[in-house]
Amino acid sequence: MEQIFKTLTNLIKENNNIYIMTHKNPDFDGMGSAICLQQIINSFKKNSYIVLNKKERNNSLQKSYNLLKENNLYFNYVINPSISEDTLLIILDTHKQVMTEKPKLIDETKNVVVIDHHIKSKDYIKDCTLNYINANLSSTVEFITQYLKYLNKTINPLIATILLAGLEIDTNNFRLKTTNQTHEAASFLLQLGADNVLKQELLQENKDNYIKRQKIIEKSYMANDNMILCIADSELYENKDLAYIAEQLLQFENVAASFVIGHLSEDTVGISARSIGNIDVEDIMSKLGGGGHLTEAATQIKNSNLKQIEQQLLAIIGGKDESNIY
Ligand SMILES: [Mn+2]
């Protein structure tokens, strides 16, 4: 780990045009880590930009951005970066090109660094200057926190709070992928002044959304010994809503993998899949044209309906349809 930190520090110091990029639909782990890394880069008296998309960000992240702004901690970001010979591109929280905010950027940049905590898949970004993919880490926050510690640097308490939120989300409240190092990272963030109450506020959600989600969860059923299926109603959902339900389903007895099926648009049905680690949901989703990681994967299918997709999925996982017993 120390060698990685050393190399990363040298790369930052050697380059003048630094971009930080996380995955599409950024979350607290990816964006929190990016914001923290930018602060670290600032402390080396170097400029950097976080690569973002024009599209709307999720609500709680927006709350964090507003708070950062109020505290004069607003981060540098760019929508259309310009690559040069001495550009250093640091990718956080994913190691797959297609999942990044701007995949093309990777082809254009000579110096690419990848830091991720997901289980390494075959289509990882090749030809990196530095590549650190460690599935023993709970989150990218865990990496960044250890990096802070290694550099003997502190961070603003508000950023520490955002990082703690990221750590909590990625571990599903310290239930998944959590090691002693994860708790050490949390402890360090609290030492730096992370605010537990504010963190709760950042993670608070709209009550109607909660109730809607619970109603969907109510309809879930065990498709076989250890896989749970959940079919949403005919309303439209965002990917992240389906993903969140899939994550929640993992907390129930006997559940090793969860699948949530719902409409993403009029003609597109999405499945979000999660696993606690012993079932490869990427493999299952790839059979339906999707992808992801061992513990989190998804797919989108056009011109089909919920019932058809449910049947296709049941055929793949060898389950039986119990949805009508409710
Ligand atoms: Mn993550």
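The values are calculated or read from the model by the stated rules, or taken from the named source; none is laboratory data. Remember, predicted model here, so these are calculated numbers, not experimental data. Neighbour counts are summed over all protein chains in view; Cβ atoms, including those assigned to glycine, are modelled from backbone coordinates with ideal geometry. Surface areas here come from the heavy atoms of the whole protein model, side chains and all, with no ligands, DNA or RNA. Shrake-Rupley method; radii C 1.70, N 1.55, O 1.52, S 1.80 Å.
Those helices (runs of 4 or more DSSP H) of the stretch 144-240 in which at least 2 residues are touching a residue at least 24 places away in the same chain (Cβ under 8 Å) and within 16 Å of the ligand (Cβ to nearest atom), considering only elements entirely within it, cover 157-170, 180-191.
Tell me, please, whether a residue that is open to solvent by 20 Å² or more (accessible area, probe 1.4 Å) and touching a strand residue (DSSP E or B) at 6+ places or on another chain (Cβ under 9 Å) can be found in the stretch 196-211.
no
Of the numbered criteria (1) polar (S, T, N, Q); (2) part of a helix (DSSP H, G or I); (3) within 16 Å of the ligand (Cβ to nearest atom), the one Thr9 fails is (3). The single condition from (1) of a type in the set (Phe, Trp, Tyr); (2) over 23 Å from Lys13 (Cα atoms); (3) open to solvent by 60 Å² or more (accessible area, probe 1.4 Å) that Phe188 fails is (3). Summed over the stretch 253-263, residues that are closer than 19 Å to Ile284 by Cβ and either modelled with pLDDT under 95 or not hydrophobic (A, V, I, L, M, F, W, C) (or both) total 3.
Can you pull out the residues in the stretch 108-140 that are in a loop (DSSP other than H, G, I, E, B) and buried (at least 23 other Cβ atoms within 10 Å of the Cβ)?
Keep residues of the stretch 108-140 that are in a loop (DSSP other than H, G, I, E, B), which gives 109-110, 117-123, 125-129, 134-139.
Within the stretch 108-140, His117, His118, Leu137, Ser138, Ser139 qualify.
For every residue, the table says whether it meets (1) within 16 Å of the ligand (Cβ to nearest atom); (2) more than 24 Å from Ile162 (Cα to Cα); (3) surrounded by fewer than 21 Cβ atoms within 10 Å (Cβ to Cβ).
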{"site": "Pro26", "(1), (2), (3)": "yes, no, no"}
{"site": "Asp29", "(1), (2), (3)": "yes, no, no"}
{"site": "Ile40", "(1), (2), (3)": "no, no, yes"}
{"site": "Ile83", "(1), (2), (3)": "no, yes, yes"}
{"site": "Gln97", "(1), (2), (3)": "no, yes, yes"}
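Only one entry in Asn72, Asn42, Asn80 is assigned to a loop (DSSP other than H, G, I, E, B) and under 20 Å from Asn15 (Cβ atoms), namely Asn80.
A single entry from Ser60, Ser33 fulfils the requirement of being buried (at least 22 other Cβ atoms within 10 Å of the Cβ), of a type in the set (Gly, Ala, Ser), within 16 Å of the ligand (Cβ to nearest atom) and under 24 Å from Asp170 (Cα atoms): Ser33. Once the stretch 111-124 is narrowed to residues that are modelled with pLDDT under 95 and of a type in the set (D, E, K, R), the residue that is farthest from the ligand (Cβ to nearest atom) is Lys122.
Restricting Val114, Val141, Val98 to residues that are touching a Cys at 6+ places or on another chain (Cβ under 6 Å) and either of a type in the set (A, V, I, L, M) or in contact (Cβ under 8 Å) with a residue 60 or more places away in the chain (or both) narrows the list to Val114.
Does Ile316 meet the test of being modelled with pLDDT of 95 or more and surrounded by 21 or more Cβ atoms within 10 Å (Cβ to Cβ)? Before you say what the answer is, go through the steps one by one.
On the way: modelled with pLDDT of 95 or more: yes; surrounded by 21 or more Cβ atoms within 10 Å (Cβ to Cβ): no.
So Ile316 fails the test.
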